[in-house]
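**Student:** The structure is given below, and queries will be raised subsequently.
Quick note: the coordinates plus some simple rules give every number you see, no bench work behind them. Model, not experiment: these values are computed from the prediction. As a convention, Cβ positions derive from the backbone with ideal geometry for all residues, glycine included, and neighbour counts pool all protein chains shown.
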Amino acid sequence: MGMGMIMQTKQLSKTYKKKEVIAGVNMSVQQGEIYGFLGPNGAGKTTVMRMVTGLVQPTSGEIELFGEKQTPGTYEWMKRMGSIIEYPIFYDHLSAHANLELHCEYMGYYDKAAIANALELTGLSDVDRGKPVKHFSLGMKQRLGIARAICTKPELLILDEPVNGMDPSGIRELRDLFRMLSKEYGMTLLISSHILQEIEQLADTIGVINHGRLIEEVSMERVRERQNEYVEVTVTDSKQAVLVLEDKLAIANYKVMGQGAIRIYDPGVTPVELNRLLVQHDIGVESLNKKSRSLEEYFLGLIEGGSGHVVEAD
């Protein structure tokens, strides 16, 4: 995967006004990966990112970046990192190009070609060169924020909800861009979102945060292995059907869903066999489907009581 750990937090905590908003977070981001940082709005994603980028001091715990423990006043690593946290703020009266020039100067990064390159990568190179940023749409500002974050060619890119305000085609373009930055430029990306679909096609690793605690950190490969297929059968008499399943097919791994539906998580059972057996025992089969447990369900299981997003906004 690369060269080990690029970012690590140990028991990272933050208290505001006696309320612990981040509690003992241990995160590990490997070099070269795309790390999806998932959780509902208000779960603490932004606060963690603000601590990692040095915008906010932790109350306790530590942060290691590029193998070095961070102490207040060590900002050497800033040059190796690019970020968007919350809504990017620009010099509104200036053009996209001028904004990036100022940023590069501020970062001590002098490479004129990098600015044009960043604008091209984010789909902004066709924008009228003199157009002030105040006339940009939300989606364009978001793209400019990403351009600013990548124009200094950072090793680590930290993006807080980067597809805010984007339409579906814009989201797709950015997803492709993030993949390319990872594969071709070798950047490591830490991307937060409260919408699972944005992250699942992209991430190598996922960290799930809720109420300020990291409740899961797992490789997407492992998650996909857990995405077991199942057969869902709807019958006229589920009590009777369960007896048949246990007795005749020796199935223990099933779940009764209500309204006559039963999910069977046994890979050895074919729908044909199941149908035949139930009908033989005078149990009416109303429907029979092979399905796979989605990532959505997996995360909703982790975070109680979600809605269509990973979890509803608060």
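**Student:** Could you work out the relative contact order of the chain, using alpha carbon pairs under 8 angstrom and six or more residues apart, expressed as a whole percent?
**Tutor:** Taking the mean separation of contacting Cα pairs over the length of the chain, I get 21 percent.
**Student:** Now for a different question. For Leu288 paired with Ile89, estimate the spin-label separation in nm (one decimal), with each label point 7 Å from Cα along the Cα-to-Cβ line.
**Tutor:** 6.4 nm
**Student:** Additional query: Does a label point 7 Å from the Cα of Asn26, set along Cα-to-beta-carbon, have any residues of segment 49-66 with amide nitrogen under 16 Å, and which are they?
**Tutor:** Under 16 Å, as judged by backbone N against the label point of Asn26, lie 61-64 of segment 49-66.
**Student:** Shifting gears a bit: So, counting K/R as plus one and D/E as minus one, what does the shell of residues with Cβ under 15 Å around Pro271 add up to?
**Tutor:** That works out to -1.
**Student:** Which of Val21, Val231, Val52 comes first, and how do the rest follow, when ranked by fewest Cβ neighbours within 10 Å?
**Tutor:** Ranked by crowding around the Cβ, least crowded first: Val21, Val231, Val52.
**Student:** What percent of all Cα-Cα pairs in segment 109-167 falls in each 5 Å bin, counting up from 0?
**Tutor:** The percentages, shortest bin first, are 4, 18, 28, 26, 16, 7, 1.
**Student:** Mind grabbing the base-10 log of I(q)/I(0) for the chain at q = 0.08, 0.12 Å⁻¹? Debye formula, identical points on the C-alpha positions, no solvent, two decimal places.
**Tutor:** Relative scattering, expressed as log10 I(q)/I(0), comes to -0.47, -0.85.
**Student:** Moving on. Positive end of the dipole of the chain, charges at C-beta (+1 Lys, Arg; -1 Asp, Glu), about the Cα centre: which of Ala203, Ala114, Leu288 has its Cα farthest in that direction?
**Tutor:** Of the options given, the answer is Ala114.
**Student:** Also, quick follow-up: Can you give me the relative contact order of segment 154-237 as a percent, contacts being Cα pairs under 8 Å and 6 or more apart?
**Tutor:** Taking the mean separation of contacting Cα pairs over the length of segment 154-237, I get 25 percent.
**Student:** Let me ask something additional. Straight-line reach from Lys291: which lysines fall under 26 Å, measuring Cα to Cα and dropping same-chain residues less than 8 apart?
**Tutor:** Correct list for Lys291: Lys239, Lys248, Lys255.
**Student:** Counting only helical runs of four or more DSSP H residues, what would the 222 nm mean residue ellipticity of the chain come to if each run contributes -39,500 (n - 2.57) and the total is spread over all its residues?
**Tutor:** -9000 deg cm²/dmol
**Student:** Per residue, how big is the convex hull of segment 204-262 when only Cα atoms are used? Give it in Å³.
**Tutor:** Spread over its residues, the Cα hull of segment 204-262 gives 121 Å³ apiece.
**Student:** Where does each of Val127, Val279 land when they are ranked from fewest to most other beta-carbon atoms within 10 angstrom?
**Tutor:** Lowest to highest Cβ neighbour count: Val279, Val127.
**Student:** If you don't mind, there's one more thing I want to ask. After finding the eigenvalues of the alpha carbon gyration tensor for segment 228-292, what semi-axes result from the square roots of 5 times each, listed largest first in whole Å?
**Tutor:** Square roots of five times the eigenvalues give 15, 13, 11 Å.
**Student:** Highest mean first, what order results for 253-264, 192-203, 85-96 on Cβ atoms within 10 Å?
**Tutor:** Sorting 253-264, 192-203, 85-96 by mean packing, highest first, produces 192-203, 85-96, 253-264.
**Student:** Also: If you place +1 on the Cβ of every Lys and Arg and -1 on the Cβ of every Asp and Glu, how big does the dipole about the Cα centre of segment 184-256 come out, in debye to the nearest 20?
**Tutor:** 300 debye
**Student:** Any idea how far the Cα center of segment 115-172 sits from the one of segment 17-63, in Å?
**Tutor:** Cα centres, segment 115-172 to segment 17-63: 24 Å.
**Student:** May I ask for the percentage of alpha-carbon pairs in segment 165-314 that lie more than 25 Å from each other?
**Tutor:** 48 percent
**Student:** In debye to the nearest 20, how big a dipole does segment 1-140 give about its Cα centre with +1 on each Lys and Arg Cβ and -1 on each Asp and Glu Cβ?
**Tutor:** 580 debye
**Student:** Can I ask one more? What does the charge dipole of the chain about its Cα centre add up to, to the nearest 20 debye, if the Cβ of each Lys and Arg holds +1 and the Cβ of each Asp and Glu holds -1?
**Tutor:** Here the chain has a charge dipole of around 660 debye.
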